[in-house]
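Contents: one structure, followed by commentary.
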Amino acid sequence: MKVAIVFNHPYQGSFCNAILRTVVKGLHTAGHETDILHLDNDGFNPVMTAADLRGFLDGAPVDPQVFEYKRRLDQADHLILIFPIWWELMPAMTKGFIDKVIYPGVAYDCDRSGRWPRMVKRWDKLQGVTLITTMNSASLVYRLVFGNAIKKAVLTGTFWKMGYRNRKWLNFSMVKFVSAAKRERWLAKLERHFSRLAPVTKTAAADTTCTTIVQALPKIDM
């Protein structure tokens, strides 16, 4: 299985970077191929310009980096996004990726044949989407006070609307405040999780609950 990983964190010493290395190691153990779309290293421009918006209406992107990402994502069987939650949302590059790559003519088409227009996904090979995030807030506070904003914006507001049923969120909370030993246990559990990742059959994907949320990977610190 070919797994595309969209990664966004500018600091090499971040826990997100440790997660990236761990996920890749686990996937390779399982025999999967990985393709890392490193937004920071690629110097991805997240800004939607007037030309980008014109292209949005025409279903024709103008940013050359978007064409390159499209070519690679067209080949992916599974998509993983890794980024930190800052001020309850994603960093600018991740938001720009959603704005400019989850885009008509790239990730989906708009079907206007019925009474209401609907999104038709173009990434036909894609079997599932996994979102991995880090944050310093407590998961309970993030859910009760901020309404799981990432879930609404990314899992529901983006991938659910495009018709991807196999979606999972792995969230590490209170990262700044837990011990180094606990973070190592989290990483070990994460590596085991991805070392067991198997392709999702079409039948299984159709039966998957629309959203699976794992807050701070329960029992990961055992």
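Provide the FRET efficiency to the nearest 0.05 for the Arg72-Lys152 pair, computing r from the beta carbons and using R0 = 30 Å.
0.65
With the dipole of segment 2-215 worked out from charges on the C-beta (+1 for Lys and Arg, -1 for Asp and Glu) around the Cα centre, which of Ala181, Leu20, Pro61 lies farthest toward the positive end?
Positive-most Cα among the choices belongs to Ala181.
On full extension of the chain, what length is gained from Thr29 through Lys125, given 0.36 nm per residue of separation minus the C-alpha to C-alpha distance?
My answer for the length gained is 32.4 nm.
Can you tell me which aspartates and glutamates have their Cα less than 17 Å from the Cα of Lys25? Leave out same-chain residues fewer than eight positions away.
Glu33, Asp35, Glu184, Glu191
Dipole size in debye (nearest 20) for the chain around its Cα centre, Lys and Arg Cβ +1, Asp and Glu Cβ -1?
740 debye
Would you list, by chain and number, the aspartates and glutamates whose Cα falls below 12 Å from the Cα of Lys189, excluding same-chain residues fewer than 8 positions away?
Straight-line reach from Lys189, under 12 Å: Asp221.
Along the three principal axes, how long is the chain when you take its alpha carbons, biggest first, rounded to the nearest angstrom?
53, 38, 34
Helix-derived [θ] at 222 nm for the chain: sum -39500 (n - 2.57) over DSSP H runs of at least 4, divide by residue count, nearest 500?
-9500 deg cm²/dmol
When the chain is fully extended, how far beyond the present Cα-Cα distance does Asn17 get from Leu57, taking 0.36 nm per residue of separation?
10.8 nm is the gain from fully extending Asn17 to Leu57.
Between Ala138 and Asp99, what's the calculated FRET efficiency when r is the beta-carbon distance and R0 is 45 Å? Round to 0.05.
Taking R0 as 45 Å, the efficiency between Ala138 and Asp99 is 0.95.
Bear in mind that the values in this text are calculations on the coordinates, not laboratory data. Quick caveat: nothing in here was measured; it's all calculated off a predicted structure. Please note: Cβ atoms are built from the backbone with ideal geometry, for glycine as well, and neighbour counts cover all protein chains shown.
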